[in-house]
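Participant: Just passing along the structure, written as structure tokens.
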Amino acid sequence: MLERALTGSQQYYRLLMGLLILMGMGFAAYLYQLNTGLTVTGLSRDVSWGFYIAQFTFLVGVAASAVMVVLPYYLHNVKVFGRITILGEFLAVASVTMCLLFIIVDLGKPMRLLNVILYPSPNSILFWDMIVLNGYLFLNIVIGWNVLEAERKGTAAPSWLKPLIYVSIPWAISIHTVTAFLYAGLPGRHLWLHSILAARFLASAFASGPALLILLAFVLKKYTKFDAGKEAIDKLSQVVLYGMLVSIFFLGLEFFTAFYSNIPSHQHGLKYLFVGLDGHGKLVPFMWLFALLALAAVVLLINPNTRKQEKTLKIACLCVFFAMWIEKGLGLVIGGFIPNPFEQVREYLPTVPELIITIGIWATGFFVLTILYKIAVSVKEEVE
Amino acid sequence: MESNRRSFLKIGGICALGLGALPVTKALARKAVPQVSEFPEALKANQWAMVVDMKKCWEKAEEDCKDCILACHQYHNVPDIGTLKEEIKWIWQESYHDTFHDQATQFNIENIEHNPIMVLCNHCTSPPCVRVCPTKATFKDKKSGIVKMDYHRCIGCRFCMAGCPYGARSFNFRDPIPYIKTELNMEYPARERGVVEKCSFCTERLARGLFPACVEACRHGALTFGDITDPNSSVRKVLAENYSIKRKPELGTGPNVYYII
């Protein structure tokens, strides 16, 4: 089936070329970082994780898009999702690929990466994160590929695939839970030290993942013959709405606990993010943009008229995606390090090389996604 | 008959292979790691601990006395990067207000709010940095209670820096060697770019019967070092005579650096 990725329209080649250029730029910037050290980033002794780990955290969420179509289709027999499960699974593959790349570029000694396997440490959540992420990548490649192959041949998917599909559902939950545990179990990091963090991760994932999936479905509809179908999009948009509402609700719970209890250390992180702390507030405008986007998304999604209209739905999905990107991809990870263990505010902003590397990895993810979607769409066009 | 002969040859071949592999297995199965014998003069403790008497430090030492810091950083080839962002520090000063922000009261003894406190790795009894390390590059030595680092195993993921609630860990964002401004100490390795480092309670000096560099360097006896599990140790004696506090005891990490204020 892979050969279908090699032939395509002019537009397809142009897209791939554009992504390859971005990937090349990212790679060059990474070589620079590799030779000079992480000093080229904005990371510091106090904010020791930044943009890379934040993107990783956000993309783990996007990878959840798969489960939001697979679960209804296989467990609740929601037939309309049958056509798009493959889109969800391949989006998960691309997202997890990006996640792994973001972890690698964040390492000070990437050449020692295999030490995680050579000296397995089950006490470290990072060890488990490696297992669940690679497992999820493997599951989605195997499932997506074989279901598509069966579709091409016009046969039923092989029977050994069923158990893997069922396993992939709780597995998707596990990638978020374990990723949240990276943060939620650290003493002294009050913004993260909440039992609701894993639930928050899941809720925001179920908003941002399907939102991107809807946008991608519209792109496919415009440029290919593949149409996800109105009903599937509508069902997905409801998932996005609920994901978004629950996310906002959970964030509200954090505010309640911090501010009603009036414990200063629990308030500092949130204060830094939304109003600034000790005169520092580089993330404040972003967090208010998040609040605005989230509000706009909810307004547009909650009203059935705007939700069902393609144009407003697209805007709503963009709002959801960028709102969650700010909230998890910027605020949560960076905010957790501010103030530092001495209650001093040391701020962080990514540098240019850091941004180029980040763009390069996103381009890599979209390159993988483009190829996989091309294969999927070609097969589907052929069958029909 | 034919098949019998074939299977005979097969089994014979496997046997020969097995016999041939015997010396290899023997060589591999031998005790791989030679035992390390300790120096006879080594200092031993179940859990090393330090008492920092800030009263002595403030009263006796001159205003800008940094003997302990200089001794430590010189001994361990700690670079002076010169920026707040990439600072590497094993023992350093923070204000009383910042160090004990959770227990400082508004109307405390005058003037101590901005007094310096010597801070370093607490060599916790239950260290979160060790818990989160994905390669066991940082580990708790069961024999001495010291939280140690293996600079050759660290992958530089900096999870330990997120895990440490005391800000005791530094990361080598760049090659530190050009920034070692003190005389190079050939007894202790310099680090590479991309690994995390921190105070080691001078484990390599203890092995040779010497107290930590900072303890040795303090001319005013403000640093006491000993075995916290031994009721007759120097640290226990000082703690029995003075009221002391620890940093963030509520986190359950069990810090082993005590402060007399």
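Participant: Note the direction-averaged projected area, equal to a quarter of the hull surface, for the Cα convex hull of region B:48-260, in nm².
Facilitator: Values: hull surface 48.1 nm².
With every direction weighted equally, the projected area is 12.0 nm².
Participant: Out of the DSSP beta bridges found with both residues in chain B, what percent are antiparallel (nearest 5)? Let's see the in-between values first.
Facilitator: Working: 16 of 20 bridges.
Expressed as a percentage, antiparallel bridges in chain B total about 80.
Participant: Right, next: Could you order A:366, A:274 by accessible surface area, starting with the largest, using a probe radius of 1.4 Å?
Facilitator: Working: A:366 65, A:274 25 Å².
Descending accessible area places them as A:366, A:274.
Participant: Using a cut-off of 19 Å between alpha-carbon atoms, which aspartates and glutamates can reach residue A:230, once sequence neighbours fewer than 8 places away in the same chain are excluded?
Facilitator: Within the straight-line limit of under 19 Å, residue A:230 reaches these aspartates and glutamates: A:310, A:381, A:384.
Participant: Nearest 10 degrees is fine. How inclined is helix A:161-184 to the longest principal axis of chain A, computing both from alpha carbons?
Facilitator: Roughly 10 degrees, rounded to the nearest 10.
Participant: Same structure, new question: Please tell me the relative contact order of chain A in percent, rounded to the nearest whole number, where contacts are Cα pairs under 8 Å and at least six residues apart.
Facilitator: Values: 531 pairs, mean separation 117.7, N = 384.
Relative CO of chain A lands at 31 percent.
Participant: Please calculate how many Å² of accessible area the protein assembly as shown carries per residue, with a 1.4 Å probe and no DNA, RNA or ligand atoms counted.
Facilitator: Values: 29260 Å² over 645 residues.
Ligands and nucleic acids excluded, the figure is 45 Å² per residue.
Participant: Which is farthest toward the positive dipole end of region B:48-260 among B:137, B:170, B:147, measuring Cα position about the Cα centre, with Cβ charges +1 (Lys, Arg) and -1 (Asp, Glu)?
Facilitator: Most positive-ward Cα: B:137.
Participant: Please enumerate, by chain and number, the lysines with C-alpha under 18 Å from the C-alpha of residue B:136, excluding those fewer than 8 residues away in the same chain.
Facilitator: Cα-Cα hits under 18 Å: A:109, B:148, B:198.
Participant: In degrees, nearest 10, range 0 to 90: what is the angle between the Cα axis of helix A:284-302 and the longest Cα principal axis of chain A?
Facilitator: 40
Participant: Students often check this: by mean Cβ neighbours within 10 Å, which of A:248-257, A:323-332, A:296-305 ranks highest, and how do the rest follow? Please list the in-between numbers first.
Facilitator: On the way: A:248-257: 14.5, A:323-332: 24.1, A:296-305: 16.8.
Ranked by mean Cβ neighbours within 10 Å, highest first: A:323-332, A:296-305, A:248-257.
Participant: Peptide A:236-247: average number of partner chain Cβ atoms within 10 Å per residue? Walk me through the numbers on the way to the answer.
Facilitator: Values: counts 0, 0, 0, 0, 0, 0, 0, 0, 0, 0, 0, 0.
The mean count of partner-chain Cβ atoms within 10 Å per residue comes to 0.
Participant: Over the protein assembly as shown, with every protein chain in place, what whole percent of the accessible area is carbon and sulfur at 1.4 Å, could you tell me? It would help to have the intermediate numbers written out before the result.
Facilitator: Working: 18810 of 29260 Å².
Percent of accessible area from carbon and sulfur atoms in the protein assembly as shown: 64.
Participant: How charged is the neighbourhood of residue A:231? Take every other residue with its Cβ under 12 Å from the Cβ of residue A:231, and add Lys/Arg as +1 and Asp/Glu as -1. Write out the running numbers ahead of the final one.
Facilitator: On the way: positive: A:79, A:83, A:230, A:235, A:308; negative: A:227, A:234.
Its environment carries a net charge of +3.
Participant: Still on this model: Quick check on region B:111-210: take the gyration tensor over C-alpha atoms, sort the square-rooted eigenvalues as a ≥ b ≥ c, and tell me if it's rounded (a/c under 1.5), prolate or oblate. Each step should come with its number before you reach the end.
Facilitator: Values: a/c = 1.16, a/b = 1.04, b/c = 1.12.
Rounded is the answer for region B:111-210, as its axis ratio a/c remains below 1.5.
Participant: Just need the relative contact order of region B:48-260 here, percent rounded to a whole number, with Cα pairs under 8 Å and 6+ apart. Display every interim value, and only then the final one.
Facilitator: Numbers: 374 pairs, mean separation 69.8, N = 213.
In percent, rounded to a whole number, it is 33.
Participant: Per-residue mean of other chain beta-carbon atoms within 10 angstrom of the beta-carbon, peptide B:161-169? Walk me through the intermediate numbers first.
Facilitator: On the way: counts 7, 13, 8, 6, 6, 3, 8, 1, 2.
Mean number of neighbouring Cβ atoms from other chains: 6.
Participant: Place the peptides B:195-203, B:141-149, B:36-44 in order of packing, highest mean first, counting for every residue the other Cβ atoms within 10 Å and averaging per peptide. Please report the intermediate quantities before stating the final value.
Facilitator: On the way: B:195-203: 23.7, B:141-149: 18.1, B:36-44: 9.7.
Sorting B:195-203, B:141-149, B:36-44 by mean packing, highest first, produces B:195-203, B:141-149, B:36-44.
Participant: What net charge do the residues around residue A:130 carry, taking every other residue with its C-beta under 15 Å from that of residue A:130, with Lys and Arg at +1 and Asp and Glu at -1?
Facilitator: Numbers: positive: A:112, B:136; negative: A:106, A:129.
Residues near residue A:130 contribute 0 overall.
Participant: When Cβ neighbours within 10 Å are restricted to other protein chains, what is their mean count per residue of peptide B:183-196? Could you put the intermediate results ahead of the total?
Facilitator: Numbers: counts 0, 0, 0, 0, 0, 0, 0, 0, 0, 3, 8, 9, 3, 2.
Average per residue, whole number: 2.
Participant: What is the sum of charges around residue A:72, taking Lys and Arg as +1, Asp and Glu as -1, for the other residues whose C-beta is under 13 Å from the C-beta of residue A:72?
Facilitator: Numbers: positive: A:79, A:83, A:235; negative: A:231, A:234.
Around residue A:72, the charge tally is +1.
Participant: If you don't mind, there's one more thing I want to ask. Would you give the gap between the C-alpha center of region A:247-270 and the C-alpha center of region A:284-331, rounded to a whole Å?
Facilitator: 22
Participant: Helix A:352-383: angle to the longest alpha-carbon principal axis of chain A, degrees 0 to 90, nearest 10?
Facilitator: That works out to roughly 20 degrees.
Participant: Moving on. Kindly identify the protein assembly as shown as rounded, prolate or oblate by the Cα gyration tensor criterion: order the square roots of the eigenvalues as a ≥ b ≥ c, call it rounded if a/c is under 1.5, otherwise compare a/b with b/c, prolate if a/b is larger, else oblate.
Facilitator: Values: a/c = 2.35, a/b = 1.43, b/c = 1.65.
Oblate, since a/c reaches 1.5 and b/c is not below a/b.
Participant: With the solvent-accessible surface defined on protein heavy atoms using a 1.4 Å probe, which residues belonging to region B:214-261 display a reduction of at least 10 Å² in accessible area in the multichain context relative to the isolated chain?
Facilitator: Buried by the other chains: B:247, B:248, B:251.
Participant: Could you tell me which of the pairs A:221/A:314; A:222/A:380; B:85/B:140; A:222/A:374; A:282/A:328 are separated by over 18 angstrom between their Cα atoms in the structure shown?
Facilitator: Numbers: A:221/A:314 13 Å; A:222/A:380 16 Å; B:85/B:140 28 Å; A:222/A:374 14 Å; A:282/A:328 16 Å.
Distance filter (> 18 Å) returns B:85/B:140.
Participant: Using a 1.4 Å probe and counting only protein heavy atoms, how much accessible surface gets buried when A and B come together, both sides summed, in Å² to the nearest 100? Please report the intermediate quantities before stating the final value.
Facilitator: Values: alone 17400 and 15590 Å², together 29260 Å².
So the total buried area for this chain pair works out to about 3700 Å².
Participant: Please give the Cα centre distance for region A:121-141 versus region B:43-101, rounded to the nearest Å.
Facilitator: So the two Cα centres are separated by 39 Å.
Participant: Now for a different question. Could you point to the residue in A:209, A:158, A:344 farthest towards the positive end of the protein assembly as shown's charge dipole, with +1 and -1 charges on the Cβ of Lys/Arg and Asp/Glu respectively?
Facilitator: So the residue furthest toward the plus end is A:158.
The values are calculated or read from the model by the stated rules, or taken from the named source; none is laboratory data. Nothing here was measured: the structure is a model prediction, and the numbers come from that model. Here the Cβ is made from the backbone with ideal geometry for all residues, glycine too, and neighbour counts use every protein chain on show. To get the accessible areas, we keep the full protein, side chains included, count just its heavy atoms, and leave off ligands, DNA and RNA. Shrake-Rupley method; radii C 1.70, N 1.55, O 1.52, S 1.80 Å.
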